[in-house]
1. When you go through Thr45, Thr98 one by one, which is the residue that is in contact with a helix residue (DSSP H, G or I) (Cβ under 7 Å, 6 or more places away or on another chain), under 26 Å from Phe126 (Cβ atoms) and not basic (Lys, Arg)?
2. Tell me which of these Pro103 doesn't satisfy, since it passes every other one: (1) within 13 Å of ligand 1 (Cβ to nearest atom); (2) under 25 Å from Pro200 (Cβ atoms); (3) more than 16 Å from the chain's Cα centre (by Cα).
3. Taking the options Glu2, Glu29, Glu15, name whichever one is among the acidic types (Asp, Glu) and modelled with pLDDT of 95 or more.
4. Does the range 46-61 include one or more residues that are touching an Asp or Glu at 6+ places or on another chain (Cβ under 9 Å), under 18 Å from Thr197 (Cα atoms) and of a type outside the set (Asp, Glu)?
5. Would you say Gln51 is in contact with a Phe, Trp or Tyr (Cβ under 8 Å, 6 or more places away or on another chain) and either surrounded by fewer than 22 Cβ atoms within 10 Å (Cβ to Cβ) or within 26 Å of Ser222 (Cβ to Cβ) (or both)?
6. Inspect the range 117-124 for any residue being touching a Gly at 6+ places or on another chain (Cβ under 6 Å), modelled with pLDDT of 95 or more, small (Gly, Ala, Ser) and within 16 Å of ligand 2 (Cβ to nearest atom) and give the result as yes or no.
7. Could you list, in sequence order, the residues of the range 122-138 that are of a type outside the set (A, V, I, L, M, F, W, C) and within 12 Å of Asp102 (Cα to Cα)?
8. Which residue, of Glu111, Glu91, is surrounded by fewer than 16 Cβ atoms within 10 Å (Cβ to Cβ) and either among the β-branched types (Val, Ile, Thr) or assigned to a loop (DSSP other than H, G, I, E, B) (or both)?
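The values are calculated or read from the model by the stated rules, or taken from the named source; none is laboratory data. These numbers come from a predicted model, not from an experiment. Methodologically, a virtual Cβ is constructed for each residue, glycine included, from the backbone with ideal geometry; neighbour enumeration extends over all protein chains shown.
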Amino acid sequence: MENLKLAGINGHTAERTIITVGKVRIGAEFVVIAGPCSVENEEQTIKTAIQVKEAGAHILRGGAFKPRSSPYAFQGLGIKGLQILEKAKKETGLPVVTEVLDPRDVSWICEYADILQIGTRNMQNFSLLKEVGKAGKPVLLKRGMYSTLKEWLNCAEYVLAEGNPNVILCERGIRSFETYTRNTLDLAIVPSVKEVTHLPIIVDPSHGTGRMSLIEPMSLASVAAGAHGIMVEVHCNPGEALSDGDQSLPPSMFADMMKKIEFINSCMKKINTLKDK
Ligand code: PEP
Ligand code: MN
């Protein structure tokens, strides 16, 4: 792929990018990011954070600024949500990833976030990409729902070109003619990404399918496809979630899934040692 001066595997002399966030090394070991779609209140967020931590998650997710299709839907708690995330981080020790929607908010959101998330609708918001590129925090860049691999990697390039080498790519499903699932999770993109860039790639099976029942099989498939991690929506009570309850796991299902992930991850490690021989 041309013009990927920094993101491309050819233009990069070093090994694959490993991004260290607290004790977590994204790109080196399989990383699980979990938490609610939205920060709704302190009790819901802290309860969920403790439950995902107990089940073995490495990073807490939670949106304080929500990019909703309708202007009348819950838009997130804003700064109050970030303060709740700060408390959840103190309580659990988990680093926090949260979405930033507006270039004007990047610098102050950095005081609360360990990783800045760029959502699918903003993948090609170039002024936002430049701003997070200057911010010096790791960036989780979701794939645009209508974007090719090349377009996506060019967006990563925007962040890298500002001097920020820490970009994590996140496949979250693309729009197709299928309506049973909310999006079509493109798992073939995982090994494809690894062929052309040194950046880590994770998978979001919640937005990628829109269905609670499909999260576990797609998470296990993500491990087998060679992803560096997953990001999953978990809610202490999905039936009452203010956003994306249909694609959020209750903590018990998340804990069950984590055991299976550990198992398939150990199988993949064995398979990878066979490949090296
Ligand atoms: C999210 O992760 O909360 C989110 C809004 O995802 P996406 O941008 O992939 O729709
Ligand atoms: Mn969501």
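1. Thr98
2. All conditions are met except number (1).
3. Glu29
4. Taking every residue of the range 46-61 in turn, none turns out to be touching an Asp or Glu at 6+ places or on another chain (Cβ under 9 Å), under 18 Å from Thr197 (Cα atoms) and of a type outside the set (Asp, Glu).
5. Considered against the rule, which asks whether it is in contact with a Phe, Trp or Tyr (Cβ under 8 Å, 6 or more places away or on another chain) and either surrounded by fewer than 22 Cβ atoms within 10 Å (Cβ to Cβ) or within 26 Å of Ser222 (Cβ to Cβ) (or both), Gln51 comes out as yes.
6. No, the conditions are met nowhere in the range 117-124.
7. Narrowing the range 122-138 to residues of a type outside the set (A, V, I, L, M, F, W, C): 122, 124-125, 127, 130-131, 133-134, 136-138.
Scanning the range 122-138 gives Asn122, Asn125, Ser127, Lys130, Glu131.
8. Glu111
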